[in-house]
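The values are calculated or read from the model by the stated rules, or taken from the named source; none is laboratory data. The model shown is predicted, which means the values in this text are computed figures rather than measured ones. All Cβ positions, even for glycine, are placed from backbone atoms using ideal geometry, and neighbour counts span all protein chains on display.
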Amino acid sequence: MIISSIKNPIPVVSLFTCDIMVMNTVENITIGQVLIVHAKADKANGKIIKIHQISIGDKIKKSMIVPKNHFALVDIQLDKPLCMEIKENYDEFSRITLRNEGKTVACGVVKKILK
């Protein structure tokens, strides 16, 4: 359960854009892949529905996969809504972790709430 201000409540989100960093110890991330999204004390299944761009260093490109050790801007659709906020509004509620089969695949921050 999340307790927040009545004047400025933390939104309940089911679709969002986030910056992620794919860990070195896992496989690539692809469009359509389902991962467990951990946000604070809650979690839900999330599907990667769009990869906007990937980057390593100062190189930015479009791709259908995000290789390990790369950064990416992706859209994630949740199967159940979670309380999240964008980094500029409330940093602590913008952090997420993506896991698959008990391993951390990526971590990131929510950049935009879409739904």
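Restricting I20, I49 to those that are outside any loop (DSSP other than H, G, I, E, B), at pLDDT 95 or above and surrounded by 16 or more Cβ atoms within 10 Å (Cβ to Cβ) reduces the list to I20. Taking first residues from the stretch 8-20 that are closer than 26 Å to F71 by Cβ and partners that are acidic (D, E) and not in a strand (DSSP E or B), the Cβ contacts under 8 Å between residues at least 6 apart in sequence or on separate chains come to I10/E85; P11/E85. No other residue among V74, V110 is part of a strand (DSSP E or B), without any contact (Cβ under 8 Å) to a residue 60 or more places away in the chain, among the aliphatic types (A, V, I, L, M) and touching a Cys at 6+ places or on another chain (Cβ under 9 Å) apart from V74.
Restricting attention to the stretch 1-51, the residues that are within 16 Å of Y90 (Cα to Cα), within 14 Å of the chain's Cα centre (by Cα) and not hydroxyl-bearing (S, T, Y) add up to 6. Once the stretch 76-108 is narrowed to residues that are of a type in the set (S, T, Y) and closer than 17 Å to K47 by Cα, the residue that is surrounded by the most Cβ atoms within 10 Å (Cβ to Cβ) is T97.
In the stretch 58-70, which residues are part of a strand (DSSP E or B) and within 8 Å of V22 (Cβ to Cβ)? Across the stretch 58-70, the qualifying residue is only V66. A single member of S55, S4, S14 is outside any strand (DSSP E or B) and of a type in the set (G, A, S), and it is S4.
No other residue among K87, K115 is at pLDDT below 90 and assigned to a loop (DSSP other than H, G, I, E, B) apart from K87. Per this entry, K111 is counted among residues that are among the charged types (D, E, K, R), within 19 Å of V22 (Cα to Cα), surrounded by 14 or more Cβ atoms within 10 Å (Cβ to Cβ) and under 12 Å from the mean Cα position of the chain (by Cα).
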